[in-house]
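What follows draws every value from the coordinates through simple rules; no lab data is involved. Just so we're clear, the structure is a prediction, and the values are computed from it rather than from any experiment. Reconstructed Cβ throughout: ideal geometry from the backbone, glycine too, with neighbour counts over all protein chains shown.
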Amino acid sequence: MLETERRKVVRYGRLLLERNLTTGTGGNLSVFNREKELMVISPSARDYQEIEPEDTVVMNLEEEVIAGSSRPSSEYQLHLLVYRERSDVSAVVHTHSVNATAVSCLNKEIPPLHYLIGFAGDKLPRAEYALFGTRELAENAVNALGSSYNAVLLDNHGLLAVGSSLQQAFQAAEMIEYVAELYVKCRSMGKPALLSEAQMKKVGEKFEAYRQGSSRKEN
Ligand SMILES: [Zn+2]
């Protein structure tokens with residue numbers, strides 16, 4: 001069942017480790033098949049190096065496990081709520097990458113200091129703290145994402161990135177971690193100069209054109 005999606009979750013899980021976006025068993029990722037209304041999510045507390053496609057877990061929107069012998073990631077509610085609320089999203093990546101998580105511990109948004117923040121939107125918003133693995137965390141994250149942001153910081157926890165494919169959600173997580181690193185470095189020297197609303201509007205338009213081009217290639 002959903003063999004292609006299960007292989008993708010395994011492949012991008014390993015990439016999370018290779019690109020230093022997470023360590024050990026931290027972070028989780030999923031893909032949603034909109035036609036079948038089924039999600040494939042990484043299993044709970046398993047090393048990404050050792051996960052095989054059959055270890056991933058298939059769940060429906062009613063939070064029932066349809067296939068897979070492992071337990072789903074403890075953040076499955078976070079993933080499912082994003083798919084329920086955002087019809088444009090088909091993949092979710094959640095990481096504890098160090099720079100994004102450092103900023104999340106300041107309970108601060110990241111302002112537009114570099115155009116690559118366009119992977120999230122006109123800024124990187126933040127979601128209020130809630131205990132990991134809870135419905136409350138899922139609701140706070142979905143509220144902060146709203147209808148258009150593609151990434152959000154989870155206060156005192158980490159980063160959530162979404163996209164129309166795993167490739168896009170993964171790339172958003174990677175780029176936002178880079179922007180968070182720039183923000184941390186800038187703040188250690190002073191305050192970064194920010195891009196204006198008009199400048200970010202143009203960035204947004206270019207990103208939209210780029211996203212449409214790349215999803216045409218993927219389909
Ligand atoms: Zn987490």
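Things worth noting here:
- For the chain, the mean residue ellipticity at 222 nm estimated from helices alone is -13500 deg cm²/dmol, where every DSSP H run of n ≥ 4 contributes -39500 (n - 2.57) and the total is divided by all residues, rounded to the nearest 500.
- Degrees between helix 166-189 axis and first principal axis of the chain (Cα, 0 to 90, nearest 10): 40
- GNM flexibility winner over the chain from G190, G133, G121 (Cα, springs under 10 Å): G190
- Basic side chains Lys and Arg get +1 at the Cβ, acidic Asp and Glu get -1 at the Cβ, and with that the dipole of segment 3-218 about its Cα centre reaches some 800 debye.
- Remark: D155, D88 ranked as D88, D155, counting other beta-carbon atoms within 10 Å and listing the fewest first.
- For segment 158-211, GluC sites (Glu not before Pro) meeting the loop criterion (DSSP other than H, G, I, E, B) and having at most 16 other Cβ atoms within 10 Å: none.
- Reachable lysines from K8, criterion Cα separation under 21 angstrom, eight or more residues apart if same chain: K36, K217
- Nearest-ten-degree value, helix 135-145 long axis tilted from longest Cα axis of the chain: 40
- Rounded to the nearest 20 debye, dipole of segment 13-98 from Cβ charges on Lys, Arg, Asp, Glu: 240
- Candidates E50, E139, E35: whichever shows maximal mean-square fluctuation once the chain is modelled as a Gaussian network with Cα springs under 10 Å: E35
- Helix 76-85 vs. the chain, principal-axis angle (Cα, 0 to 90°, nearest 10): 70
- Neighbour-count order for H94, H79, H157, fewest beta carbons within 10 angstrom listed first: H157, H94, H79
- Positive end of the dipole of the chain (Cβ unit charges, origin at the Cα centre): among H114, M1, M39, the Cα lying farthest that way belongs to H114.
- Two-decimal Rg/Rh across the chain, once Rg and the Kirkwood Rh are taken from alpha-carbon atoms: 0.96
- Antiparallel bridge percentage (DSSP; both residues within the chain; nearest 5): 95
- Gaussian network model of the chain, Cα within-10 Å springs - most flexible of A127, A91, A198: A198
- Charge sum, other residues only, whose C-beta stays under 14 Å from E136's C-beta, Lys/Arg counted +1 and Asp/Glu -1: -3
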